[in-house]
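See structure below.
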């Protein structure tokens with residue numbers, strides 16, 4: 001079984017002023033190529049081979065394969081390597097070396113392997129330490145549901161595993177599926193059908209309705225808030241030493257859904273080891289509040305400040321391989 005250990009105490013969420021956020025509308029078409037339209041790498045044949053290995057030989061064999069896989073994708077992706085280098089330079093406060101880049105790629109590959117096992121309920125051998133579970137339970141006890149704001153940090157499946165074990169309530173995830181179909185297919189084929197069914201695709205006509213219904217049943221809705229879909233309103237906020245565009249949509253959505261908001265991160269700490277954190281972030285915006293965008297901009301700035309702290313403390317856990325600071329424009 002998964003080993004869970006937890007504590008209710010949490011450091012306060014870092015704050016900053018709304019004046020640090022500058023609202024904008026949309027991004028150029030070129031920016032849409034940054035991640036939502038980026039094609040998946042790999043082939044269907046490689047996916048079938050990995051599925052066969054995992055079914056026949058298990059997690060250990062899959063973990064050993066991560067070393068050549070991570071090295072291959074690191075060396076064969078110059079554009080992504082340059083973007084990762086730009087991020088690590090900011091997070092580490094120095095020029096990253098090749099081992100630093102490899103650590104980032106290997107951590108990313110490890111979370112994908114773990115996603116396959118955790119989503120299918122194969123949690124044997126995993127150790128997940130939990131912080132803030134009491135705060136999450138207290139929020140859910142209010143009966144309004146809870147919106148979990150995460151980031152492309154570590155593993156969201158580790159959060160699911162904790163939710164299943166420690167707070168057995170419904171969890172749906174709002175996400176873009178187009179650029180991760182092969183990974184999702186591997187998860188589903190390995191037995192993760194239940195978690196696949198809990199995904200609410202962003203951009204569909206009924207996404208908002210399904211999220212609202214889940215919260216109405218006292219459930220949780222997860223959403224990653226650190227990447228910018230094409231055309232969405234943005235807040236340019238300080239992040240790792242320079243202004244960066246963060247989407248306002250997740251924070252506007254939180255106000256519209258009328259549920260309390262918590263930050264949630266599943267930090268990878270080594271093979272089958274995770275630290276899961278739930279942190280109180282925001283109460284619902286008061287009904288009838290006029291300047292919803294201003295409130296969203298203030299939350300985006302606070303979210304960026306907390307994410308920056310996390311990236312400095314765990315620099316190899318933020319999986320961004322795109323032009324986050326728009327330096328190539």
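Each row is one residue, and each column tells you yes or no for (1) over 14 Å from residue 223 (Cα atoms); (2) modelled with pLDDT under 95; (3) touching a strand residue (DSSP E or B) at 6+ places or on another chain (Cβ under 9 Å).
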site: 265; (1), (2), (3): no, no, yes
site: 269; (1), (2), (3): yes, no, yes
site: 291; (1), (2), (3): yes, yes, no
site: 303; (1), (2), (3): no, no, yes
site: 307; (1), (2), (3): yes, no, yes
Exercise. Has the stretch 127-134 got any residue that is more than 27 Å from residue 215 (Cβ to Cβ) and part of a helix (DSSP H, G or I)?
Worked result: no
Exercise. Being within 30 Å of residue 240 (Cα to Cα), crowded, with 17+ Cβ neighbours inside 10 Å and free of Cβ contacts under 8 Å to residues at least 40 places away in the same chain, is that true of even one residue in the stretch 62-70?
Worked result: yes
For this session: Confirm whether residue 140 is surrounded by fewer than 23 Cβ atoms within 10 Å (Cβ to Cβ) and touching a helix residue (DSSP H, G or I) at 6+ places or on another chain (Cβ under 9 Å).
Result: no
For this session: Evaluate the following for residue 81: is it in a loop (DSSP other than H, G, I, E, B), surrounded by 14 or more Cβ atoms within 10 Å (Cβ to Cβ) and touching a helix residue (DSSP H, G or I) at 6+ places or on another chain (Cβ under 9 Å)?
Result: no
Exercise. Looking at (1) part of a helix (DSSP H, G or I); (2) more than 16 Å from residue 271 (Cα to Cα); (3) modelled with pLDDT of 95 or more, which is the only condition residue 52 fails?
Worked result: (3)
Exercise. Restricting to the stretch 250-287, what's the tally of residues that are free of Cβ contacts under 8 Å to residues at least 24 places away in the same chain and within 20 Å of residue 171 (Cβ to Cβ)?
Worked result: 0
Exercise. Is it the case that the stretch 98-106 has a residue that's at pLDDT 90 or above, touching a strand residue (DSSP E or B) at 6+ places or on another chain (Cβ under 8 Å) and within 30 Å of residue 250 (Cα to Cα)?
Worked result: no
For this session: Could you look through the stretch 219-244, keep only residues that are in contact with a strand residue (DSSP E or B) (Cβ under 9 Å, 6 or more places away or on another chain) and not in a strand (DSSP E or B), and pick out the one that is surrounded by the fewest Cβ atoms within 10 Å (Cβ to Cβ)?
Result: 231
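The values are calculated or read from the model by the stated rules, or taken from the named source; none is laboratory data. Keep in mind it's a predicted model, so treat the numbers as computed, not measured. Reconstructed Cβ throughout: ideal geometry from the backbone, glycine too, with neighbour counts over all protein chains shown.
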